[in-house]
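Below is one structure, written out as structure tokens; the observations come after it.
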Amino acid sequence: MPSDAKVGLIGLGVMGENLALNIERNGYRISVYNRSHDKVDAFMNGHAKGKNVVGCKDEKTFVASLEKPRKIILLVKAGQPVDSTIESLRPYLERGDIIIDGGNSFFEDTRRREKALAQEGIFLIGSGVSGGEEGALWGPSLMPGGDRNAYEEIRPIWEAVSAKADGEPCVTYLGPDGAGHFVKMVHNGIEYGDMQLIAEVYDFMRKALGMSAPEIGKVFESWNKGLLNSFLIEITAQILEVEDPETKKPLVDMILDKAGQKGTGKWTAECAQELGIPIPTIDSALTGRLLSAMKEERVTASKYLPGPSEKYQGNRDEILAALADALFASKVCSYAQGMALIKAASNQYKWDINLAETARIWKGGCIIRATMLKDITQAFTEKKDLQNLLLHPTFVNWLEKAQKNWRHAVGAAIACGVPVPAMSASLAYFDSYRNANLPQNLTQAQRDLFGAHTYQRVDRPDAGFVHTEWKDLIKTKAEVK
């Protein structure tokens, strides 16, 4: 077998097959391999038939079919399968070869693998791939991190197969070792927040306004023509108008309310805790999925725990306008939290991630692509050291305009007994961030009383931490009385 394939790919699930076809369509001869050889045969006799694709029967043949330096894409399940696949390849690799992990690997695993492979002169690129099955086939958003020179070797391929937005490829080098997979992880966290916010607005419309799925779909369709324009709003409108072929009811009404997850949302929450970055919108979205999984328990609870369930009594057009503003403002907070987390990680790990470029490559191909990203890109282009997206004048103005409706929508949902955890968390994040005085002075006093954890004084904060003998002062106060 000639060693002339420009790139190889291991993992012929739907994503792997589609990305392989994307690469071949863009002029690159590609070799493919899968642990289950039946999948290789099916692919070669199916979608890849007659195309410039080489099917390989084992790792040795696969590696031998690639031109040097070899470029090998892995699209296998995160965790041990990645380690196992790398181990199966190592006997056949040489110095200078490049492995591209295109799965949703945890960034610390990517850092570990990259360090270990570098000792043998082999490079690892950890690259987020977003856009689902369609994105993989026609153009995903790609988020690579690793050795800069190794990325330059794969850059022509990655730019060719990526989505294009405003004439630019939706891919950029993000930074060393785990930077790419960290950005993809946070992308997924923002996605969690966005999806939960949309679900909450849908829930209010169906429960408090008594709207049917197709009616709600029309509202989302109209919203997609304005500031809320995004992939998730677009597909929501489409989903809500699909009829179930079996019952002739809206298909969405026939779907059990239990949402799954693959771990990236949990990782985002854990990393935010470790880095000390608040991401309440994303946290609430994760909690929402966990609560949804408790279906049987919730059904039981619904019989014992009464609460308001009345319809909204106000003007329907006004509350729909308020919901639109609340959704937009809450989405801004979700993006702001995600970008703040990326910024903190970039500082912690010395990745030097360009936040403007990060937002730019999300404008096409990925799940969270939205018109709003143009303004996010512009914000971080103008102010590279912007502490938080909420502080940029564009977003200050938007939030000021949306604030009254935002509060009205959250209040209306609470009054009607419709849970809006992510939307209310977004509003609380906004109110906490804009508030110069928070009640944690009381929290710190409590900590000092029961645990001598000390505190700083308002009148001399630079003097260091002090401790008060609270019980002595309380006793003295009691004696005076």
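Among the conditions (1) among the polar types (S, T, N, Q); (2) touching a Gly at 6+ places or on another chain (Cβ under 9 Å); (3) more than 21 Å from SER212 (Cα to Cα); (4) surrounded by fewer than 19 Cβ atoms within 10 Å (Cβ to Cβ), SER284 misses just one, which is (4). For segment 247-258, does any single residue satisfy the condition of being more than 20 Å from LEU290 (Cα to Cα), under 22 Å from the mean Cα position of the chain (by Cα) and of a type outside the set (A, V, I, L, M, F, W, C)? The answer is no, given that none of the residues of segment 247-258 is more than 20 Å from LEU290 (Cα to Cα), under 22 Å from the mean Cα position of the chain (by Cα) and of a type outside the set (A, V, I, L, M, F, W, C). The strands (runs of 3 or more DSSP E) found wholly in segment 29-113 and carrying at least 3 residues that are touching a strand residue (DSSP E or B) at 6+ places or on another chain (Cβ under 9 Å), of a type in the set (Val, Ile, Thr) and under 20 Å from VAL7 (Cα atoms) occupy 98-101. Of all residues in segment 423-481, those satisfying the criterion of being among the basic types (Lys, Arg) and either within 28 Å of GLN337 (Cα to Cα) or open to solvent by less than 100 Å² (accessible area, probe 1.4 Å) (or both) are ARG434, ARG447, ARG457.
Within segment 145-181, being surrounded by 22 or more Cβ atoms within 10 Å (Cβ to Cβ) and among the acidic types (Asp, Glu) holds for one residue alone: ASP177. The set of residues in segment 320-336 that are open to solvent by less than 10 Å² (accessible area, probe 1.4 Å) and out of contact with any Phe, Trp or Tyr (no Cβ under 7 Å at 6 or more places or on another chain) comprises ALA322, LEU327, SER330, LYS331, SER334, TYR335, ALA336. Does GLY16 satisfy being open to solvent by 70 Å² or more (accessible area, probe 1.4 Å) and either in contact with a strand residue (DSSP E or B) (Cβ under 7 Å, 6 or more places away or on another chain) or over 19 Å from GLY145 (Cα atoms) (or both)? Against the criterion (open to solvent by 70 Å² or more (accessible area, probe 1.4 Å) and either in contact with a strand residue (DSSP E or B) (Cβ under 7 Å, 6 or more places away or on another chain) or over 19 Å from GLY145 (Cα atoms) (or both)), GLY16 does not qualify.
Of all residue pairs spaced 6 or more apart or on separate chains, those with beta-carbon atoms under 9 Å, a first member in segment 451-477 that is within 15 Å of GLN440 (Cα to Cα) and a second member that is of a type in the set (A, V, I, L, M) and in a helix (DSSP H, G or I) are TYR455/ALA445; GLN456/ALA463; ARG457/ALA463. Using the structure shown, decide if ALA326 is small (Gly, Ala, Ser), closer than 20 Å to ALA413 by Cβ and in contact with a helix residue (DSSP H, G or I) (Cβ under 6 Å, 6 or more places away or on another chain). Yes, satisfied.
Residues in segment 251-281 that are among the hydrophobic types (A, V, I, L, M, F, W, C) and open to solvent by 70 Å² or more (accessible area, probe 1.4 Å): MET254, ILE255, LEU256. Inside segment 213-243, residues that are open to solvent by less than 50 Å² (accessible area, probe 1.4 Å) and either outside any helix (DSSP H, G or I) or touching a residue at least 12 places away in the same chain (Cβ under 8 Å) (or both) make up a count of 16. Being buried (at least 21 other Cβ atoms within 10 Å of the Cβ), among the charged types (D, E, K, R) and out of contact with any Pro (no Cβ under 8 Å at 6 or more places or on another chain): is that true of LYS184 here? So LYS184 fits the description; yes.
Kindly establish whether THR358 is over 23 Å from TYR202 (Cβ atoms), in contact with a helix residue (DSSP H, G or I) (Cβ under 8 Å, 6 or more places away or on another chain), polar (S, T, N, Q) and open to solvent by less than 50 Å² (accessible area, probe 1.4 Å). Yes: the conditions hold for THR358.
The values are calculated or read from the model by the stated rules, or taken from the named source; none is laboratory data. All figures in this text were calculated on a predicted structure; none of them were measured in a lab. Ideal geometry is used to build each Cβ from the backbone, glycine not excepted, and the neighbour counts take in all protein chains shown. These area figures cover heavy atoms from the full protein model, side chains too; ligands, DNA and RNA do not enter into them. Shrake-Rupley method; radii C 1.70, N 1.55, O 1.52, S 1.80 Å.
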